[in-house]
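Have a look at the structure below, then the notes.
Each reported figure results from applying straightforward, stated rules to the coordinates on display, with no laboratory input. Just so we're clear, the structure is a prediction, and the values are computed from it rather than from any experiment.
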Amino acid sequence: MAGLTCVHHQHLPLYGGGVADLAPCIGLIGASIADGLGRIVADKHYARDCHAGLGVGAFAGYVVPSLLHHGFAPRQRWARLDCT
C-alpha cells in the first residue's frame, strides 16, 4: 500500500503537489516500518521475513505500477487548453 500510494502521489498531484503529496507517502512508509518492527518485537516474524516482505511489497506496489501504468519518466504537467 505504501508503494502504490507513493507512485500515485508522485505522478498525479492529488493534493496539489509538493509536501501535501509527499506526506501520505512518508506516513505509510513509516507505518509499514513500524508494523514490521512490531512483528519482530512480538516474536511473530524474523527480521529476514520483514525484509522479504519489504522487497515483495516494494516491487508489487511501486515497480509494477510504474512499469505498467505511469512509467519511470518525470511527471509531465497537463497543458492548458485555451478554447477561445
For the chain, what is the relative contact order in percent, using Cα pairs closer than 8 Å and at least 6 residues apart in sequence?
40
If you fit an axis through the alpha-carbon atoms of helix 47-58 and take the longest principal axis of the Cα set of the chain, what angle between them do you get, 0 to 90°, nearest 10?
20
Roughly what angle does helix 2-11 make with the longest principal axis of the chain, taking Cα atoms, 0 to 90 degrees, to the nearest 10?
20
Based on the Cα coordinates of the chain, what is the per residue volume of their convex hull in Å³?
93
